[in-house]
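What follows is a set of notes on a single structure, which appears directly below.
The values are calculated or read from the model by the stated rules, or taken from the named source; none is laboratory data. A quick note: this is a predicted structure, and the numbers were derived from the prediction, not measured. Here the Cβ is made from the backbone with ideal geometry for all residues, glycine too, and neighbour counts use every protein chain on show. Please note that ligands, DNA and RNA were not included when accessible areas were found on the heavy atoms of the full protein model with its side chains. Shrake-Rupley method; radii C 1.70, N 1.55, O 1.52, S 1.80 Å.
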Amino acid sequence: MTQLQRPTPSHAPMRQFPVEKGEILVGGVALTRLTARVGQTPFYAYDRDLLTRRVAALRAALPPVLKLHYAMKANPMPALVGHMARLVDGIDVASGGELKIALDAGAKPRETSFAGPGKQRAEMQQAVAAGILINIESFREVRELASISEQTGNRARIAVRVNPDFELKSSGMRMGGGAKQFGVDAEQVPELLAEIGRLGLGFEGFHLFAGSQNLKPEAIVEAQSKSYELALRLAEAAPSPVRFLNLGGGFGIPYFPGEQPLDLAPIGAGLASIVDRASRQLPEAELVLELGRYLVGEAGIYVTRIVDRKISRGHCYLITDGGLHHHLSASGNFGQVIRKNYPVAIGNRMASSEQETVSVVGPLCTPLDLLADRMELATAEVGDLVVIFQSGAYGFTASPQAFLGHPACAEVLV
Ligand SMILES: *Cc1c(COP(=O)(O)O)cnc(C)c1O
């Protein structure tokens with residue numbers, strides 16, 4: 001009798017960074033040389049050229065009239081936002097602080113939008129003065145914006161963020177459907193639109209964002225098509241024509257063993273059909289996708305140096321100068337249900353044939369400070385550089401850097 005054996009799933013190959021003389025190159029610079037240039041470990045490094053190529057590849061797969069926005073909370077490093085602002089059509093911000101970085105980076109106010117629950121009056125005042133589009137998340141925000149417009153004489157530009165009556169299937173993080181703190185429930189939107197009309201605010205469209213880190217094209221196509229249908233229905237109650245329809249995004253990247261890169265072909269086809277319908281049904285609407293992780297996640301690595309190597313009861317630990325305080329998501333503590341390893345390599349020993357099974361840990365006094373759990377890596381020594389791939393999004397600013405008082409992490413765009 002034969003037994004069906006499932007092969008152990010492995011990480012998708014990380015081919016975006018070339019290897020030369022056994023070292024990973026970032027922006028054409030060998031890792032040890034880059035480390036010397038940065039002047040410290042740990043650091044994050046983002047590759048300009050990979051960012052540029054990612055946006056170009058995405059545009060090639062999507063209908064040309066579709067607008068592409070960068071949701072900068074994925075990576076708000078000012079130099080990176082500046083680079084992205086030149087590549088995409090608009091920037092989506094989630095706070096007054098991000099708004100400043102976006103405008104400094106040269107984002108065009110007409111194509112900048114602001115979403116997020118609990119917007120404070122001061123942030124909304126900044127947004128109205130800047131002339132950006134504000135995605136409304138509650139009745140309170142509408143009243144507050146009406147009062148700001150009246151006070152300042154600047155008319156608020158608003159879109160309604162809708163909490164849809166469906167959920168994004170297979171999403172790493174669900175942010176729409178059911179009871180949510182995000183957006184206004186679809187059922188309440190007609191009443192909100194009536195209020196927007198009564199208050200004379202500048203209604204410009206709808207924003208739907210169903211979730212994040214989705215690797216199933218069918219689920220994304222379905223969510224986008226349902227989002228379009230819902231927006232079309234709600235548009236009947238709108239005080240003026242829809243000029244922006246933001247269909248969200250949520251495109252995922254492969255992090256864990258067994259995950260594959262997202263197939264864009266079905267998504268492009270689904271969007272082509274939406275674009276075609278919209279040209280007749282919502283002729284004044286600009287269709288927008290907003291993506292964070294997908295645009296920047298694969299273009300970044302986290303680099304940390306091995307400071308100690310020890311064997312505990314037969315198991316080898318590589319202890320590094322970086323850890324969960326710089327890279328919470330690689331440690332498995334940023335929304336993962338079951339901890340899995342990110343793709344990891346010894347970045348200055350890429351040609352090594354000697355391998356061993358090790359755990360890579362950080363310097364924090366907590367067992368949660370784990371960067372790689374029992375992984376097969378090139379045999380490494382103190383001084384070698386551990387590289388964590390897929391680190392361009394939700395890394396640096398999504399980590400509790402002050403925890404345990406270790407030195408700050410650096411960031412470079414190469
Ligand atoms: C976080 C967020 C995004 C970006 O999500 P990614 O998964 O990084 O693409 C886009 N839109 C909104 C409203 C968000 O909150």
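Overview of results
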{"read-out": "Residues located in the range 233-291, provided they are of a type in the set (A, V, I, L, M) and either in contact with a Cys (Cβ under 8 Å, 6 or more places away or on another chain) or open to solvent by 60 Å² or more (accessible area, probe 1.4 Å) (or both)", "value": "265, 269"}
{"read-out": "Residue identified as within 25 Å of the chain's Cα centre (by Cα), within 16 Å of the ligand (Cβ to nearest atom) and modelled with pLDDT under 95 among 212, 227", "value": "212"}
{"read-out": "Leading residue by the ranking (nearest to residue 262 (Cα to Cα)) among those in the range 32-57 that are of a type in the set (Gly, Ala, Ser) and in contact with a strand residue (DSSP E or B) (Cβ under 9 Å, 6 or more places away or on another chain)", "value": "45"}
{"read-out": "Residue among 401, 390 that is open to solvent by less than 40 Å² (accessible area, probe 1.4 Å), modelled with pLDDT of 95 or more, in a loop (DSSP other than H, G, I, E, B) and within 26 Å of residue 213 (Cβ to Cβ)", "value": "390"}
{"read-out": "Only listed residue being on the phi > 0 side of the Ramachandran plot and in the same structural domain as residue 33 (by TED's automatic domain parsing), chosen from 332, 347, 362, 322", "value": "332"}
{"read-out": "Residue tally, condition touching a Lys or Arg at 6+ places or on another chain (Cβ under 9 Å) and either within 12 Å of the ligand (Cβ to nearest atom) or in a strand (DSSP E or B) (or both), over the range 299-327", "value": "6"}
{"read-out": "Leading residue by the ranking (modelled with the highest pLDDT) among those in the range 1-32 that are part of a loop (DSSP other than H, G, I, E, B) and of a type in the set (Ser, Thr, Tyr)", "value": "10"}
{"read-out": "So residue 319, is it more than 19 Å from the chain's Cα centre (by Cα), open to solvent by 40 Å² or more (accessible area, probe 1.4 Å) and free of Cβ contacts under 8 Å to residues at least 60 places away in the same chain", "value": "no"}
{"read-out": "Selection from the range 47-56 of residues that are within 16 Å of the ligand (Cβ to nearest atom) and open to solvent by 20 Å² or more (accessible area, probe 1.4 Å)", "value": "54"}
{"read-out": "Spans of strands (runs of 3 or more DSSP E) in the range 187-289 with at least 3 residues touching a His at 6+ places or on another chain (Cβ under 9 Å)", "value": "244-249"}
{"read-out": "Qualifying residue in the range 140-158 (condition: charged (D, E, K, R), crowded, with 22+ Cβ neighbours inside 10 Å and more than 16 Å from the ligand (Cβ to nearest atom))", "value": "yes"}
{"read-out": "Where a residue in the range 83-106 is farther than 24 Å from residue 247 by Cβ and its partner, wherever it lies, is among the hydroxyl-bearing types (Ser, Thr, Tyr), with Cβ under 8 Å and at least six apart", "value": "83/52; 103/112"}
{"read-out": "Qualifying position, being under 23 Å from residue 394 (Cα atoms) and either touching a strand residue (DSSP E or B) at 6+ places or on another chain (Cβ under 7 Å) or within 16 Å of the ligand (Cβ to nearest atom) (or both), among 217, 257, 239", "value": "217"}
{"read-out": "Matching option when the condition is out of contact with any strand residue (DSSP E or B) (no Cβ under 6 Å at 6 or more places or on another chain) and surrounded by 22 or more Cβ atoms within 10 Å (Cβ to Cβ), among 94, 60, 74", "value": "74"}
{"read-out": "Subset tally (residues that are open to solvent by 80 Å² or more (accessible area, probe 1.4 Å) and in contact (Cβ under 8 Å) with a residue 12 or more places away in the chain) for the range 352-369", "value": "4"}
